[in-house]
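In what follows, a structure is listed as structure tokens, so that the remarks can point back to it.
The values are calculated or read from the model by the stated rules, or taken from the named source; none is laboratory data. Because the structure is a prediction, the values reported are computed rather than measured. Cβ placement follows ideal geometry from the backbone for every residue including glycine, while neighbour counts extend to all protein chains displayed. The area values use the complete protein model at the heavy-atom level, side chains included, leaving out ligands, DNA and RNA. Shrake-Rupley method; radii C 1.70, N 1.55, O 1.52, S 1.80 Å.
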There are 2 protein chains.
Amino acid sequence: MKLPFAAFTLAIAASTLASPLAEVPFPANYRTWMHVKSMVIEPGHALHAAFGGIHHLYANDKAMQGYRDGSFPDGAIIVFDLLEATAKDNAVTEGARKVVGVMQRDAKKFSTTGGWGFEGFAGDSKTQRVVGANAASACFACHQAQRAREYVFSNYRP
Amino acid sequence: MKLPFAAFTLAIAASTLASPLAEVPFPANYRTWMHVKSMVIEPGHALHAAFGGIHHLYANDKAMQGYRDGSFPDGAIIVFDLLEATAKDNAVTEGARKVVGVMQRDAKKFSTTGGWGFEGFAGDSKTQRVVGANAASACFACHQAQRAREYVFSNYRP
């Protein structure tokens with residue numbers, strides 16, 4: 001089928017408008033980024049169902065600028081790397097990866113969720129998304145409480 | 001007093017021989033290095049007295065080469081960053097720094113302790129040494145068990 005040029009242009013425009021929220025890409029090489037801090041969430045904790053295990057936060061250079069200055073520039077990316085926590089013989093060790101959570105700063109692209117895009121990648125997958133179009137309810141609903149800190153919970157531990 | 005030249009030379013040689021083990025410097029900027037892995041050691045663990053808390057391992061580029069290839073070149077440095085672990089409300093969070101442990105590779109300089117120099121710096125101090133001349137008994141005695149892995153216990157977690 002041949003579309004007249006005007007219709008074709010319209011189709012493109014419509015598909016742009018109708019596209020779902022901008023996607024947050026998998027944060028390549030985040031394991032080489034700065035380690036911000038860590039925490040263990042145990043059974044019984046209110047967030048255990050979602051975030052039980054041991055998590056590490058990693059930040060790229062722009063996100064480190066945000067931790068320092070309190071203002072996160074576009075391009076800042078924070079990773080929440082969640083692993084199983086195995087408690088045994090009076091020690092807690094790291095197990096399999098549960099999810100790679102990502103916050104990516106782009107004030108325009110993600111204006112409906114505080115200027116941050118949120119995504120989660122299941123286990124060791126770089127493609128299996130667990131948040132997708134649910135960022136507002138699945139992520140931003142809680143992060144909203146941190147409005148005064150640009151929606152970030154963590155602090156850099158020197 | 002004027003020493004004859006021969007005696008002077010002898011004095012220098014003697015002071016070199018009598019000098020304590022080579023010192024391991026404080027690992028400047030280790031917090032920007034790769035985060036290797038983490039672990040929590042709880043009360044009741046055999047190593048709790050020495051290493052109780054949450055520890056993170058960091059590696060410089062040469063140490064990362066060692067983790068990858070199994071052979072640690074001179075200049076490789078591994079840091080054992082030990083913090084208080086605060087267990088409360090079903091979560092374990094990071095507290096004050098207890099010690100910054102350091103392994104620094106120099107096959108010649110530290111030949112009596114497997115080619116690794118060992119040191120610990122108390123709390124957030126860059127100068128207060130807690131191992132000093134006791135590296136053989138305080139550190140290497142245990143690390144010796146890891147001879148097949150060049151005396152390193154940790155593995156890099158991808």
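Quick rundown of the values:
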| quantity | calculated |
| --- | --- |
| Ratio of the Cα radius of gyration of chain A to 2.2 N^0.38 Å, where N counts its residues | 1.22 |
| Expected 222 nm ellipticity per residue - DSSP helices of 4 or more, -39500 (n - 2.57), all of chain A, to 500 | -5000 deg cm²/dmol |
| Net +/- balance of residues flanking A:V100 in space, Cβ distance below 12 Å, scoring K and R +1, D and E -1 | +2 |
| Rounded, prolate or oblate (a/c below 1.5 giving rounded, otherwise prolate when a/b exceeds b/c) for segment A:62-136 by Cα gyration tensor | oblate |
| Filtered trypsin sites (Lys or Arg not before Pro), segment B:85-114: DSSP coil and at most 11 other beta carbons within 10 Å | B:K108 |
| Highest-MSF residue in chain B out of B:G66, B:G44, B:G95 [GNM, Cα springs under 10 Å] | B:G44 |
| Whole-Hz ³J(HN,Hα) from phi, Karplus 6.51 cos²θ - 1.76 cosθ + 1.60, for segment B:81-96, glycine and proline x | 9, 9, 10, 4, 10, 9, 9, 7, 6, 6, 8, 10, 10, 7, x, 5 |
| Pseudo-label separations to other copies for B:Q65 - Cα-to-Cβ vector, 7 Å, nm | 3.2 |
| Paramagnetic reach from B:K62 (point 7 Å along Cα→Cβ, amide N under 15 Å) across segment B:117-146 | B:117-118 |
| Burial of 50 Å² or greater, segment B:82-97 residues [accessible area, probe 1.4 Å, versus chain by itself] | B:N90, B:V92, B:E94 |
| Helix A:5-18 vs. chain A, principal-axis angle (Cα, 0 to 90°, nearest 10) | 20 degrees |
| Accessible solvent surface per residue of the protein assembly as shown, calculated while the other protein chains remain in place, 1.4 angstrom probe, Å² | 55 Å² |
| Residue of chain A nearest the A-to-B rotation axis [by Cβ], rounded angstrom distance | A:H35, 2 |
| Label spacing, shortest first and in nm, from A:H48 to its equivalents in the remaining copies (7 angstrom along Cα→Cβ) | 2.1 |
| Average partner coverage of A:22-34, which counts Cβ from other chains inside 10 Å | 1 |
| For the protein assembly as shown, average projected area of the Cα convex hull in nm² | 25.2 nm² |
| Residues whose placed amide H lies under 5 Å from that of B:M39, excluding near-sequence neighbours | B:H55 |
